[in-house]
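Comments concern the structure below.
The values are calculated or read from the model by the stated rules, or taken from the named source; none is laboratory data. Fair warning: this is a prediction, and the values are worked out from it, not measured in the lab. Every residue, glycine as well, gets a Cβ built from its backbone with ideal geometry; the counts of neighbours run over all protein chains shown. Areas reflect the complete protein model, heavy atoms only, side chains present, ligands, DNA and RNA absent. Shrake-Rupley method; radii C 1.70, N 1.55, O 1.52, S 1.80 Å.
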Amino acid sequence: MSLQMVSTINNASLLQPGFSLLNFDGHLFFFGQKGWPKRSCPTGVFLLDIKQNELKMKPAFFSKDSCYLPPLRYPALCTVRSDARADEYQYIIHGGKTPNNDLSDKIYLMSLVSKTSKKMTFQCIEKDLGGDVPEARYGHTINVVHSRGKSMSVLFGGRSYTPLAQRTTEKWNSVVDCLPSVFLIDVEFGCCTSYILPELQDGLSFHVSIARGDTIYILGGHSLQNNTRSPNLYKLKIDLPLGSPAVTCTILPGGISVSSAIVTQISDTEFVLVGGYHSDSQKRLVCNTIVLEDSKIEIVESVSPEWTPDIKHCRTWFGCDMGKGSVLLGIPGATKQIIPDANYFYILRCKGAEEDKEEELITQICSQTSSEDPGDSTPFEDSEEFCFSAEASSFDADYADTYNEDDEEDESETGYWITCCASCSIDINTWVPFYSTELNKPAMILCSSGAGHWVHAQCMDLSETMLLHLSEANVKYFCNKHIDLNKGLQTPQKVMCLKKPPMKPLRKKKTMKLSTSTKKSFLRRLFE
């Protein structure tokens, strides 16, 4: 093993605990930044290029028919192939934390649809789930198993927020272990089925899972309820006959009491377990080799690298598998007392240089890595981690057009993140899509008052129907502030009406009043 520090790394602030690394077509991509993406990279997915101990980041793009994929930290993800012999594959992404610390219960399929020397384009599809749908969670794992010519996704573990009915003011954002149920998910049709196994008594999170064929091995993990790290090694076997699936669990000897460990694959049957925690405040500096052969698993202690003093003395660490037997490790910058928010990174290579060649890695790995996220409201847990799948990766392409966060404009004053009016509620750190036509930036419309200025459609209380009509019709729009002024300009001046002489009222005819004696005298004369 060899440990090498990445001496210069651009935009290190984006790489925070909970990120994930995706391997597509021999290239490594970063996903899961902390905070909402900025305008220079609205997708929140970056190509990572490491050369001469320097890391450069280039924005990636999504196709027009993609759904919105928020930056999720600590999700469960793995790769899936339509055919075992196919070279192309997709990533399944489930759960995780959004920048608002909300938990996601959605499942996405992410694939690479276009690749050029200067641009990588992905497609992301959200799948609808039915049946026993897993609740929103993070710190769990998902794997794909194959049995009798069929494949199925298997989800297990994780943490979620306390149910609303059980929350109190003091513990509103507290988290609990998810029930130790095993979920079988048919991603193609969206069908979910849960299984309760007697061998799985306690909920686990931030564990390691390795899938091979129709078997999944679950190692370590942390239980909040008991505040313990399970020493058990679980073997899940999934049989997929023509009828209902059969799920069995066996407890094997030889487990390791660890959480937040990282697993990287160095050969078809051999893996290396790195990092993790013995307890809340004690890191695990021992490495292990895991060998899978003939439905058997063997775990032995291996030679550990020469850890630097910074790594030995830091309280927390985090990282992710880079593929090809390499691991990206990070430690908080506070240990070096330079920039508190900055992190420092190392690359741990578990394979020798002569062994570092392209090879097909058919085994899938899911694990959780380290450390407490200072921005979260929850107390220190052994780690706030994420899940990954391993595929071969390399850094052959030379991309000069790299992302530099320092070159960005102050988007609080320019672009889509302006304060368009006194009641503007659009914030780059908390904004989420409001209209169905929005993807990664808010919809805006031009006010025709004066020289013109842009306003957010959401701040103007425009309905989606009206917004579409204004975008298609050739009409001028005036914002709420200038609509009255516009009406005044369009209202014609008042015209003085000609005064007409009033009509004279009709005079009433005068009637004479007769006395009673006169009436009687008149009647006598009338009838004589």
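Some notes on this structure:
- For the stretch 37-62, a residue qualifies if it is in a loop (DSSP other than H, G, I, E, B) and open to solvent by less than 20 Å² (accessible area, probe 1.4 Å), and the qualifying residues are Pro37, Cys41, Thr43, Gly44, Ala60.
- Listing of strands (runs of 3 or more DSSP E) fully contained in the stretch 240-350 that carry 2 or more residues being over 28 Å from the mean Cα position of the chain (by Cα), not assigned by the TED database to the domain that holds Thr193 and not aromatic (Phe, Trp, Tyr): none
- Here Leu3, Leu48 are screened, and the one residue that is at pLDDT 85 or above and under 26 Å from Asn288 (Cβ atoms) is Leu3.
- Pair list, Cβ under 7 Å, 6 or more apart: the stretch 279-299 residue touching a residue at least 24 places away in the same chain (Cβ under 8 Å), other residue open to solvent by 40 Å² or more (accessible area, probe 1.4 Å) and aromatic (Phe, Trp, Tyr): Asp280/Phe380
- Subset of the stretch 234-258 that is out of contact with any Asp or Glu (no Cβ under 9 Å at 6 or more places or on another chain) and polar (S, T, N, Q) - its residue that is surrounded by the fewest Cβ atoms within 10 Å (Cβ to Cβ): Ser244
- Filter pass, Tyr89 being open to solvent by 10 Å² or more (accessible area, probe 1.4 Å) and aromatic (Phe, Trp, Tyr): yes
- Ile428 in a loop (DSSP other than H, G, I, E, B) and either in contact (Cβ under 8 Å) with a residue 12 or more places away in the chain or touching a helix residue (DSSP H, G or I) at 6+ places or on another chain (Cβ under 9 Å) (or both): yes
Quick grid of which residues meet (1) open to solvent by less than 30 Å² (accessible area, probe 1.4 Å); (2) at pLDDT 90 or above:
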{"site": "Lys324", "(1), (2)": "no, no"}
{"site": "Leu329", "(1), (2)": "yes, yes"}
{"site": "Gly352", "(1), (2)": "yes, no"}
{"site": "Glu355", "(1), (2)": "no, no"}
{"site": "Thr363", "(1), (2)": "yes, no"}
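- Test set (1) open to solvent by 10 Å² or more (accessible area, probe 1.4 Å); (2) in a strand (DSSP E or B) - Pro231 fails condition number: (2)
- All conditions but one from (1) under 30 Å from Leu240 (Cβ atoms); (2) surrounded by fewer than 21 Cβ atoms within 10 Å (Cβ to Cβ); (3) at pLDDT 90 or above apply to Phe122; the one that does not is (2).
- Residue in the stretch 206-222 that is over 28 Å from Glu293 (Cα atoms) and over 21 Å from the mean Cα position of the chain (by Cα) present: no
- Spans of strands (runs of 3 or more DSSP E) in the stretch 77-145 with at least 3 residues over 24 Å from Ala211 (Cβ atoms): 107-115, 120-127
To keep it simple, each residue is scored yes or no on (1) among the basic types (Lys, Arg); (2) in the same structural domain as Leu184 (by the TED database); (3) farther than 19 Å from Gly32 by Cα.
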{"site": "Ile107", "(1), (2), (3)": "no, yes, no"}
{"site": "Leu112", "(1), (2), (3)": "no, yes, no"}
{"site": "Ile125", "(1), (2), (3)": "no, yes, no"}
{"site": "Asp128", "(1), (2), (3)": "no, yes, yes"}
{"site": "Pro134", "(1), (2), (3)": "no, yes, yes"}
{"site": "Arg137", "(1), (2), (3)": "yes, yes, no"}
{"site": "Ile142", "(1), (2), (3)": "no, yes, no"}
{"site": "Val145", "(1), (2), (3)": "no, yes, yes"}
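- Scanning the stretch 175-201 for residues that are in a loop (DSSP other than H, G, I, E, B) and under 20 Å from the mean Cα position of the chain (by Cα) returns Cys178, Val187, Gly190.
- Across the stretch 302-322, the qualifying residues are those that are under 18 Å from Asn288 (Cβ atoms) and not hydrophobic (A, V, I, L, M, F, W, C), and the one among them that is most open to solvent (accessible area, probe 1.4 Å) is Glu306.
- Test: residue in the stretch 77-86 that is of a type in the set (Asp, Glu) and touching a residue at least 24 places away in the same chain (Cβ under 8 Å): no
- Exclusive hit being in the same structural domain as Thr98 (by the TED database), without any contact (Cβ under 8 Å) to a residue 24 or more places away in the chain and not hydroxyl-bearing (Ser, Thr, Tyr), set Lys64, Lys58: Lys64
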